[in-house]
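The values are calculated or read from the model by the stated rules, or taken from the named source; none is laboratory data. Since the model is a prediction, treat every value here as computed from it, not as a measurement. Counting neighbours? That spans all protein chains shown, and the Cβs are built from the backbone with ideal geometry, glycine included. Keep in mind that these areas ignore ligands, DNA and RNA; they rest on the heavy atoms of the full protein, side chains included. Shrake-Rupley method; radii C 1.70, N 1.55, O 1.52, S 1.80 Å.
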Amino acid sequence: MKRDPDAILNAELSHAVASMGHTDHLMVVDAGFPIPEDARRIDLALTRGVPEVSTVLEAVHDELIPERVLYADDVPEMNPDFDAFLRDLYEGSGAELDTIPHEAVLDHGEGAKAVVRTGEFLPWGNVVIQCGTDPKPWFDGENVAMPAAYRERYEEMYGEPP
């Protein structure tokens, strides 16, 4: 058993999160997402709505540092509750939230390190998470300069200058 009972318990998902490197993509998708044949599929779907996309995103967010989050540009207008959820979840995390055409989200399945399928039937419920890094441990050495972009992420993540 893992020491933290609130951490991800699913072995495949935990391994996928631990395997992520800077700029790798992890997708959390609804039950209908067309997962490519050769993609690493982590199928959590049990029944309709179980688990929800939001539940999986929250669990992943607790363990993975996002740098960029992509979702369909239809979401803000056509599924505003999901849009609000995503904005609330990633606000203050240092991640850029961007919308892209729905078809472009589908294309990300090809290059994702893993695609996590949920049981949710959620319109445009597919999210691409680009893995980031925490600038604090990378730039805390002596005589190491922190680039401006990392300084901005640091301030957004920690609410203070480095």
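Can you name every residue in segment 24-51 that is more than 13 Å from A114 (Cα to Cα) and within 14 Å of the chain's Cα centre (by Cα)? Matches in segment 24-51: D30 only. Scanning segment 53-84 for residues that are assigned to a helix (DSSP H, G or I), among the charged types (D, E, K, R) and surrounded by 16 or more Cβ atoms within 10 Å (Cβ to Cβ) gives a single hit, D83. Flag not set for D88, criterion: part of a helix (DSSP H, G or I), buried (at least 16 other Cβ atoms within 10 Å of the Cβ) and acidic (D, E).
Elements of the type strands (runs of 3 or more DSSP E) sitting completely within segment 96-162 and holding at least 2 residues that are open to solvent by 30 Å² or more (accessible area, probe 1.4 Å) and either in contact (Cβ under 8 Å) with a residue 24 or more places away in the chain or of a type outside the set (A, V, I, L, M) (or both): these cover 96-100.
Contact map, segment 56-68: first residue basic (K, R), second residue open to solvent by less than 70 Å² (accessible area, probe 1.4 Å), Cβ cut-off under 7 Å, separation 6 or more or different chains; pairs are R68/A95; R68/D98; R68/Q130.
Filtering segment 88-115 to residues that are of a type in the set (A, V, I, L, M) and under 24 Å from D62 (Cα atoms) leaves L89, A95, L97, V105, A112, A114, V115. So G21 ticks every box in (1) in a loop (DSSP other than H, G, I, E, B); (2) farther than 27 Å from P135 by Cα; (3) small (G, A, S) but one. Which box is left unticked? With (1) in a loop (DSSP other than H, G, I, E, B); (2) farther than 27 Å from P135 by Cα; (3) small (G, A, S) applied to G21, the lone miss is (2).
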